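Colleague: The structure under discussion is supplied below as structure tokens; questions concerning it will follow.
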Amino acid sequence: MKTDQDKKNTTIPLVTLTLLFFMWGFITCMNDILIPHLKELFSLSYLMAMLVQFCFFGAYFIGSLVYFFISYFYSDPINKIGYKNGILLGLLISAVGCVLFYPAAEYVQYFLFLSAFFILGLGFTLLQIAANPFVALLGDERTASGRLNLVQGFNSLGTTIAPMVGGYMVFELFAEGESISGEETKKPYLVFAAIFILLFVLVKIVKLPVFKNAQEETKGLGALKFPQLRMGALAIFCYVGAEVAIGSFLINFLNLPETIGVSEAVAKNYLALYWGGAMIGRFLAAISFNQNIPVVKKALYMFVVAFTVFLLIFGMVNLTFEQLWVFPVLILLNLLMFYIGKSIASRTLLLFATINVLLLILAVSMGGQAAVWMVLAIGLFNSVMWSNIFTLSISGLQEYTSQGSSLLVMAILGGAIVPLIQGAIADFYGLQISFLLPVLCYTFIAWFGYFCHKNKLDTGGSTLMSSGH
């Protein structure tokens, strides 16, 4: 890769990209707020309610598929227009998607809501294709996981704040008494559209590095020659599918009398813990994968950051310490797994995915508060998955990096398919038993982590050839 400025001058670009990650994390988590809201408004089954995620994440697949075909028959679009212009276009499409929530609420039509989710998803598709590899390129390839985990930490900050701020806007600030009419979504999404326009202006005026591949013409299926990319795409499918499904059903899961049977207003606080756990884990990963910090200092920084962020979350949620004292214990378990992972992306991915398999099996077999905490702990161990899978998958792709990125973003289709299947299982066999589906997803992710660790992809994949042999 070549750049028009020193890669060390990356602070302003990284801060700018961090704002993007925060905002799309916030909006994505708003889906979890709106699903139970729309389910009640339109008297939907679990399966029909999951069409929200099907349309939103299905847009990732459609958008990425179009992108891939363009790169296959012509040349890589991002390599032609640049990462910055790709981000700008993604922001404009996202703003349009937010505006479309106004007519959807005005006419109270579920189809219009689904259309708005789809357009919003298209905007996020382009942002994902451009921004994720852009962050990875802002420095040494060996520390790419650390950088991506850092910005993903702020993405998780958005998903943590969304249940509180977004829940307040929808259920209280813009709610019309006790009735549900759809009006509650009008003003919030107009605010979100305005924020995307402001971000567009910011990105437009900020000078970002210009990365160009040594070979601009990347026609064909070059990215698919790499086995880590092929397996990584399926791992992304599984990860996003599992994470979205759990987040989408969490409020309904907490409503169950078999668990704690709380209202939506209370459940949104626990949803903040789920996403807050991902935020804590991602900030810890940013420290853990930083090779420039001595081991002792690294352990100290991770401990301080973990419990500082926990106190911030504790200050945001409307829960007592007696209600969430288990969470600090889970954080300690998370820190222990980071220590065992030894700052190796593939090894940590393997450990975290295995822990999630065990947590979900316990959640299905237990009841009450214990089942709730098993599910909430998933957030902590989801933390490194996107960043580690993404960076391991594009390791060594060189001129095929953007094409590989589009394939990985295409795999976000998992967020459309897995929740839909889990919704069908929940309708027929019960919501709690449906959480066995994500077990299969995390099992494959664990296998991908093992594959990458075995083939030393953390150090550039020296034992893998691009031919896939």
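Colleague: When the Karplus curve 6.51 cos²θ - 1.76 cosθ + 1.60 is applied with θ = phi - 60°, which whole-Hz ³J(HN,Hα) does each residue of the range 119-126 get, with x for Gly and Pro?
Modeller: With coefficients 6.51, -1.76 and 1.60, one gets 5, 4, x, 4, x, 5, 4, 5 Hz.
Colleague: Using just the helices of the chain, give the 222 nm mean residue ellipticity in deg cm²/dmol: DSSP H runs with n ≥ 4 each add -39,500 (n - 2.57), and the total is spread over all residues, rounded to 500. If you can, show how the numbers build up before the last one.
Modeller: Values: 20 runs with 346 residues, N = 469.
-25000 deg cm²/dmol, from helical runs alone.
Colleague: Output wanted: per-residue J couplings in Hz (rounded whole) for the range 74-86, from phi through Karplus 6.51 cos²θ - 1.76 cosθ + 1.60, θ = phi - 60°, x for Gly and Pro.
Modeller: Taking θ as phi minus 60°, the curve returns 10, 7, 4, x, 5, 5, 8, 8, x, 4, 4, 5, x Hz for the range 74-86.
Colleague: Moving to a separate point now. Please give the length that would be gained between Leu312 and Phe111 if that part of the chain were fully extended, namely 0.36 nm times their separation in residues minus their C-alpha to C-alpha distance (nm, one decimal).
Modeller: 68.5 nm
Colleague: Let me ask something else. Would you kindly enumerate the cysteines in the chain that have no other Cys beta-carbon under 4.7 Å from their beta-carbon?
Modeller: Result for the chain is Cys29, Cys55, Cys98, Cys452, no neighbouring Cys Cβ within the cutoff.
Colleague: Right, another one. Using alpha carbon centroids, what distance separates the range 92-166 and the range 269-345, in Å?
Modeller: If we compute the Cα centre of each part, the gap is 24 Å.
Colleague: Evaluate the charge dipole of the chain about its Cα centre and quote only its size in Debye, nearest 20, assuming +1 on the Cβ of each Lys and Arg and -1 on the Cβ of each Asp and Glu. Let's see the in-between values first.
Modeller: Numbers: 24 positive and 22 negative charges, 347 e Å.
The dipole magnitude comes to about 1660 debye.
Colleague: When semi-axes √(5λ) of the Cα gyration tensor in Å is calculated directly from the model, which label among (i) 49, 22, 17; (ii) 32, 27, 21; (iii) 35, 26, 20 fits?
Modeller: Derived directly from the coordinates: (ii).
Colleague: Using the structure shown, list the pairs from Lys204/Lys297; Lys186/Lys268; Lys80/Lys225; Lys187/Lys268; Lys225/Lys298; Lys39/Lys187 with a Cα-Cα distance above 31 Å, or answer none. Working shown, then result.
Modeller: Values: Lys204/Lys297 38 Å; Lys186/Lys268 20 Å; Lys80/Lys225 22 Å; Lys187/Lys268 20 Å; Lys225/Lys298 37 Å; Lys39/Lys187 20 Å.
Pairs exceeding the cut-off: Lys204/Lys297; Lys225/Lys298.
Colleague: Picking from Leu88, Phe117, Thr143, whose Cα lies most toward the positive end of the charge dipole for the range 66-151 (charges on Cβ: Lys, Arg +1; Asp, Glu -1)?
Modeller: Checked the options; the winner is Thr143.
All of the numbers you see were taken from the coordinates with simple rules; none came from a lab. Fair warning: this is a prediction, and the values are worked out from it, not measured in the lab. Counting neighbours? That spans all protein chains shown, and the Cβs are built from the backbone with ideal geometry, glycine included.
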